1. Would you please put 128-136, 169-177 in order of how densely packed they are, using the mean number of other Cβ atoms within 10 angstrom per residue and starting with the highest?
2. Can you tell me the order of 73-81, 213-221 when each peptide is scored by its average per-residue count of other Cβ atoms within 10 angstrom, highest first?
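Every read-out reported here was derived from the displayed coordinates using simple, explicitly stated rules and does not represent laboratory data. Source: prediction; values computed, not measured. FYI the Cβ positions are ideal-geometry reconstructions off the backbone, even for glycines, and counts take in every protein chain you see.
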Amino acid sequence: MPIFDSRMEIVLGDPKPERVCHYKDCPNNRKYKGLNVKQCGKCKWIRYCCRECQVADWPEHKAVCTTERMLDIGAWQNKYAWLFRWAARETLCYHPDMNLTSTHALLVEVLRTDRLVAPTARPFLVDSVHVLPHGTVEAHWGVPGQHAVYTAADRARGAMLQAQGALGLAQVIFRIPGPNGTSMLFFQCFELPEHEYAARRDLGRHQVYALTKKVVNGDLPEVVVRILLTPGDLAGPPPYQPNGFGGSTPVGPPKPKRKMKDRGQEIMHA
């Protein structure tokens with residue numbers, strides 16, 4: 001399924017899905033040599049090696065099988081912006097003498113649910129969360145000639161905030177793995193106007209990672225986390241959207257009943 005960013009009003013090209021049977025109890029055990037793997041006639045995405053597997057999987061697949069479905073990464077990011085901002089603030093400004101906002105980013109490894117066997121109504125799931133230097137992200141998933149992960153404009157904005165006594169500009173990078181070692185990167189930045197370091201002394205970095213993953217994936221009710229956090233944790237300006245993303249070139253805003261052509265380039269692992 002194509003990925004749609006409703007914030008920037010763009011549709012990203014969708015690579016062909018892996019030619020494997022979607023039925024989790026497929027008797028062929030993922031050995032499809034010589035078999036004609038066919039796609040679902042409705043969603044045009046899920047594939048089966050035989051009609052028997054399709055019929056057996058239908059009770060689960062019908063819950064997520066829709067026509068012309070797109071995965072809205074922008075809406076998903078905005079829904080949990082309060083959580084990603086808090087996680088970035090907690091992990092990048094963990095100590096009074098350790099402000100990593102200008103050198104590191106919070107990397108969120110994202111799974112698109114249309115490629116998972118188990119059905120779910122959520123468009124994306126968080127696989128892992130961790131802090132990485134900007135240079136490491138560029139070395140592994142950068143494209144020569146592409147803009148830096150943390151741009152000059154980002155650095156200037158962060159420096160301006162820090163000159164005013166604030167914590168700076170925190171960046172969250174969302175990486176969606178694709179086929180054949182490819183990746184798509186999406187960026188979200190948060191201004192941190194606070195004039196003191198962020199970390200709660202009762203939460204370690206790995207606890208913040210786990211908490212973020214559980215809330216997004218529905219393993220922990222959002223209301224519980226909002227009660228646990230202080231008003232200061234949730235306060236702050238809305239996300240500052242940087243100019244650009246990695247992994248694909250936008251093909252323009254989506255238009256009803258018109259086929260979007262993929263003109264994108266994907267980022268290869270280093």
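1. Details: 128-136: 16.6, 169-177: 23.0.
In decreasing order of mean packing, 128-136, 169-177 become 169-177, 128-136.
2. Details: 73-81: 18.2, 213-221: 15.4.
The most tightly packed comes first, giving 73-81, 213-221.
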